[in-house]
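Worksheet: the structure to be examined is printed underneath.
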Amino acid sequence: MEHSHQHKSHTALIWKVFAILSVVTIVEVALGIIKPDFLYLTKILGTSPLNIIFIVLTLVKAYYITWFFMHMADEKKSLRRAVVWTAVFLIMYLVTLFLIEGSYINNVLGPLTKWNY
Amino acid sequence: MGATIATEHSEQTWSGGNRPLGASYGKLMMWFFILSDALTFSGFLAAYGLMRFKFIDSWPIADEVFTHFSFLHGVHAPMYYVALMTFILIFSSVTMVLAVDAGHQMNKKKVTFYMLLTIVGGLVFLGSQAWEWKNFIQGTYGAVQLNDGKIIQFVDETGHQVTLESFAASDHSKRTRHTENKGIWFESEAPLPPVNLEQVMEGFKANPNITIRTEQVNLETRKKTIIPRSEAMNYLAEAKAVVKGANLKVNEYGKTLFADFFFFITGFHGFHVLSGVVINLIIFFNVVIGTYERRGHYEMVEKVGLYWHFVDLVWVFVFTFFYLV
């Protein structure tokens, strides 16, 4: 690091990110314990609103960890895109196909499963 | 066009001698290793999602599985323990990034201190995970497995699960566990369930206030189906074995696949944490003996920090998909 002597401390930012991650985790855990019926037993976009909230909050946490703990914010745009876009595209592709396939197997297999004896 | 690399001699950007992506070789390779490792974990979690969607109406409910908290025996405390584990890992990420920050200022004392805290955090997390595994392996209530592999659990009239021991008489006089020192050295068996199948059947007949429930989840109420006692014997006539706890072959909480994925994915993550702790230790000793002070920069701390944050990142997703969703 040729600029090492110029670096100033980012301690305040680090604690701020820690506070954000903690609050998000506390909200997740609280929702996971309370499970309000209007979020847990209703459906939107093929799952419960609660699940959507959990996934969005997870992505928020992933953003803060990658951008500020792993210092992705300070990297060049080309490096950022090479890593982030590749991961986002491939993971979305894989998950979409797998979940569609899983639902399909459930549709075929579900009626054949015996639950009465 | 922010993505274009602007240098004075743009035709020479990729012809060597400079850093087109603005990062050193080591850091770049760490980023691409992390990318490939992220795809590996995504493959596992997507496979978990596939199986979960396949058995969407009979998947175990995580809230009923992970209910233990240290020093609180018998208290139903879902989520709290794993939330604590999440905090431990996030906090060790904070100390790691503080070590990186101190490294930028060439502050050897601070780097040493924060690296040490990070290692301690990693070890505490590993211990917590071992305890979580122990609870899962030992089980809570016990269940009965039918000939076709389905799991039957016992509930009281309020619909709450009851332990097998609470209604079946426990008696080990007939059968003792076969261990290696009692026969051929390579032959042993798993711990015996607290009660045997006959005792469960007798206990069930003798206690009119308990009934059974199947793995099938009512998708409206998101609860498992309770079978009226009058029909329960039709199910129990098919009983094959008593199940206590979970392993790779059988799982008292429901689908064995749930246990398989749990052991595999949290195990693979735990192995990452373990290797992270070992790598952190090596870097820690290098910091202590002044290797990076002499080198003039603490970039190694940064690189191992990337790996450590990645382990935290993966846990965030494992936490969501195993415990929350």
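Values in this text are rule-based calculations from the coordinates and carry no lab data. Computed from a predicted structure; not experimentally measured. All Cβ positions, even for glycine, are placed from backbone atoms using ideal geometry, and neighbour counts span all protein chains on display.
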**Item:** Gain on full stretching of the segment that runs from A:T96 to A:F38 - 0.36 nm per residue minus C-alpha separation
**Value:** 18.3 nm
**Prompt:** How many Cβ atoms of partner chains, on average, are near each residue of A:91-99 if near means within 10 Å of its Cβ?
**Reply:** 5
**Request:** Mind putting a number on the dipole of the protein assembly as shown about its Cα centre? Charges go on the C-beta only, +1 for Lys and Arg and -1 for Asp and Glu, and I need it in Debye to the nearest 20.
**Result:** 580
**Fill in**
Taking only Cα atoms of the range A:1-74, the Rg to Rh ratio with Kirkwood Rh works out at 1.19
**Asked** At a Förster distance of 22 Å, what's the computed FRET efficiency of B:D148 paired with B:D57, Cβ-Cβ distance as r, to 0.05?
**Response** 0.85
**Message:** Expected output is a single nm value to one decimal: the length gained when fully extending between B:F71 and B:K205, i.e. 0.36 nm times separation in residues minus the C-alpha distance. What is it?
**Reply:** 44.7 nm
**Request:** Pairs to check: A:K114/B:K150; A:K43/A:K114; A:K61/B:K108; A:K61/B:K110; B:K54/B:K244. Give those whose C-alpha atoms are more than 18 Å from each other in this structure.
**Result:** A:K43/A:K114; A:K61/B:K108; A:K61/B:K110; B:K54/B:K244
**Prompt:** Roughly what would the spin-label model give for B:L35 and B:E157, points 7 Å off Cα along C-beta, in nm?
**Reply:** 6.4
**Fill in**
Out of B:G121, B:S58, B:N135 - ranked by how far each Cα lies towards the positive end of the dipole of the range B:7-151, with unit charges on the beta-carbon of charged residues - the top one is B:G121
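Under Stokes-Einstein, with the Kirkwood radius over Cα pairs standing in for Rh, what whole-number D in µm²/s applies to the range B:143-244 at 20 °C and 1.002 mPa s?
My calculation gives 144 µm²/s for D.
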**Message:** At R0 = 22 Å, how high is the FRET efficiency between B:M233 and B:A190 if r is their beta carbon distance? Nearest 0.05 is fine.
**Reply:** 0.20
**Prompt:** Which is the longest run of chain B containing none of the trypsin sites (Lys or Arg not before Pro) found in DSSP loop states (not H, G, I, E, B) with at most 11 other C-beta atoms within 10 Å?
**Reply:** B:1-173
**Message:** Can you tell me the mean projection area, over all orientations, of the convex hull of the protein assembly as shown's alpha carbons? Units nm², please.
**Reply:** 27.3
**Fill in**
Rounded to the nearest 500, the 222 nm mean residue ellipticity computed for the protein assembly as shown from DSSP H runs (n ≥ 4, each -39500 (n - 2.57)) alone is -19000 deg cm²/dmol
**Prompt:** How big is chain B in terms of Cα radius of gyration and Dmax, in angstroms?
**Reply:** 26.1, 89
**Prompt:** Between B:G270, B:G103, B:G159, which gets the highest mean-square fluctuation from a Gaussian network model of chain B, Cα cutoff 10 Å?
**Reply:** B:G159
**Extension gain from B:R222 to B:Y25, taking 0.36 nm per residue of separation minus the Cα-Cα distance** = 65.8 nm
**Request:** For A:Y63 paired with A:A30, estimate the spin-label separation in nm (one decimal), with each label point 7 Å from Cα along the Cα-to-Cβ line.
**Result:** 2.1
**Asked** Counting Lys and Arg as +1 and Asp and Glu as -1, each charge on the Cβ, what is the dipole of the range B:41-180 about the Cα centre in debye, to the nearest 20?
**Response** 700
**Request:** Highest first, please rank the peptides A:107-115, A:11-19 by the mean number of other Cβ atoms sitting within 10 Å of their residues.
**Result:** A:11-19, A:107-115
**Request:** Using only atoms on other chains, find how many Cβ atoms lie within 10 Å of each Cβ of peptide A:68-75 and report the average.
**Result:** 6
**Prompt:** When chain B is treated as a GNM, springs tying every alpha-carbon pair under 10 Å, which of B:V288, B:V155, B:V75 comes out with the largest mean-square fluctuation?
**Reply:** B:V75
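Among all stretches of chain B without exposed GluC sites (Glu not before Pro) (DSSP loop, at most 12 other Cβ atoms within 10 Å), which one is longest?
The segment B:9-156 is the longest one with no such site.
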**Item:** Total charge dipole magnitude, the range B:223-325, about the Cα centre, Cβ charges on Lys, Arg, Asp, Glu only, Debye to nearest 20
**Value:** 340
